1. I'm told Thr224 meets every condition in (1) crowded, with 22+ Cβ neighbours inside 10 Å; (2) under 21 Å from the mean Cα position of the chain (by Cα) except one. Can you identify the failing condition by its number?
2. Would you pick out the residues in the stretch 97-111 that are under 18 Å from Cys166 (Cα atoms) and surrounded by fewer than 24 Cβ atoms within 10 Å (Cβ to Cβ)?
3. Could you run through the stretch 289-307 and say how many residues are at negative phi, in contact with a strand residue (DSSP E or B) (Cβ under 9 Å, 6 or more places away or on another chain) and not in a strand (DSSP E or B)?
4. Residue under question is Tyr114, and the condition is that it be open to solvent by less than 40 Å² (accessible area, probe 1.4 Å), more than 16 Å from the ligand (Cβ to nearest atom) and of a type in the set (Phe, Trp, Tyr); does it hold?
5. Please go through the stretch 256-285 and pick out each residue that is away from the ligand (no atom under 14 Å from the Cβ) and hydroxyl-bearing (Ser, Thr, Tyr).
6. Please find, within the stretch 308-324, the residue that is farthest from Val116 (Cα to Cα) out of those that are open to solvent by 10 Å² or more (accessible area, probe 1.4 Å) and assigned to a loop (DSSP other than H, G, I, E, B).
7. Before we move on, is Thr92 modelled with pLDDT of 95 or more, under 27 Å from Arg314 (Cβ atoms), among the hydroxyl-bearing types (Ser, Thr, Tyr) and surrounded by fewer than 21 Cβ atoms within 10 Å (Cβ to Cβ)?
Amino acid sequence: HAADAHRTDLMTITRFVLNEQSKYPESRGDFTILLNHIVLGCKFVCSAVNKAGLAKLIGLAGETNVQGEEQKKLDVLSNEVFVKALVSSGRTCILVSEEDEEATFVDPSKRGRYCVVFDPLDGSSNIDCGVSIGTIFGIYMMKDNHEPTLDDVLQPGKQMLAAGYCMYGSSCTLVLSTGGGVNGFTLDPSLGEFLLTHPDIKIPKKGKIYSVNEGNAKNWDGPTAKYVEKCKFPKDGSSPKSLRYIGSMVADVHRTLLYGGIFLYPADKKSPSGKLRVLYEVFPMSFLMEQAGGQAFTGKQRALDLVPTKIHERSPIFLGSFDDVEDIKALYAAEGKKE
Ligand code: P6P
């Protein structure tokens, strides 16, 4: 009867955030308005992603659609939707998107206090084969109303007020933290509302899954290679971990959050800073992991302590169950002592 309870509780994401907001009497509801616009973007992208296959089928995608317009690629469309939704919220001042080389500085007439960093459709190369993809976002708040500069978004992840992702898969699930734990909401298409379905998510302290692209093994550094070896051939007589790697960060992180284990995108000889982007992939997912009782490590430091110098900077990342990340931290520390 849990589903019925959700129906009668009707704990929508908007009501949930309003409840959170009521803890801050001085707040003027700006964050709730901002979040509502992010939720609107997610609903739109969810509908577009679900139609993508159909669009291809009836010849809408690719060259032109029935109106003779050029059918936009989903990641370009998603980016436009989020930029428009965030600007029109009147609550943002800087936007950093994976899709845009430069940051967007919102016109003073529409400016608010929040800086939003986001990947509008991460993993979009997986759309054609139906693998789950997602939107990832993080939110900083300007300390005062000085003229915004890039420095206002080149902040360590621990300065984020909130972070989340929306996964477009068999269902549309939005996972969010505003600093007081992690909650998951599932879109009920018949209501057009995200309902609370995963209250207070906590990641298991230790997991049985490791998640890495083994195809890069030739290029790994010592500690990563040693750690993966330990997962496959444990010396302490415990059973080997299972490998699960989807290749879409939102899907791999969502499974890690719910089932436990560790997700790794290490540096390697080809990409010394790894592949994943600090502001709108590493930071939001690290924020969520810490809020859920896990941790996130770059190979050198706590991921949320990293201070980015460029908006599209990359970093290696090891995140997930507290004990599993602790194990790889020990291997990097031992390596550090040797140097
Ligand atoms: P690789 C998708 O392209 C992405 O940006 C993330 O979603 C995913 O975790 C990673 O790249 C996969 O990269 O090199 O393993 O294919």
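1. The failed condition is (2).
2. First, the residues of the stretch 97-111 that are under 18 Å from Cys166 (Cα atoms): 97-99.
Within the stretch 97-111, Glu98, Glu99 qualify.
3. The total comes to 8.
4. Yes: the conditions hold for Tyr114.
5. Tyr259
6. The qualifying residue farthest from Val116 (Cα to Cα) is Pro316.
7. Values: modelled with pLDDT of 95 or more: yes; under 27 Å from Arg314 (Cβ atoms): yes; among the hydroxyl-bearing types (Ser, Thr, Tyr): yes; surrounded by fewer than 21 Cβ atoms within 10 Å (Cβ to Cβ): no.
No; evaluated as a whole, the condition is false for this residue.
Each row is one residue, and each column tells you yes or no for (1) within 16 Å of the ligand (Cβ to nearest atom); (2) assigned to a helix (DSSP H, G or I); (3) of a type in the set (Asp, Glu).
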| site | (1), (2), (3) |
| --- | --- |
| Leu121 | yes, no, no |
| Asn126 | yes, yes, no |
| Val131 | yes, no, no |
| Gly134 | yes, no, no |
| Gly138 | yes, no, no |
| Asn145 | no, no, no |
| Pro148 | no, no, no |
| Asp151 | no, yes, yes |
| Lys158 | no, yes, no |
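The values are calculated or read from the model by the stated rules, or taken from the named source; none is laboratory data. Since we're looking at a predicted model, the values are computed, not measured. FYI the Cβ positions are ideal-geometry reconstructions off the backbone, even for glycines, and counts take in every protein chain you see. When the accessible area is computed, the model is the full protein with side chains, heavy atoms only, and any ligands, DNA or RNA have been set aside. Shrake-Rupley method; radii C 1.70, N 1.55, O 1.52, S 1.80 Å.
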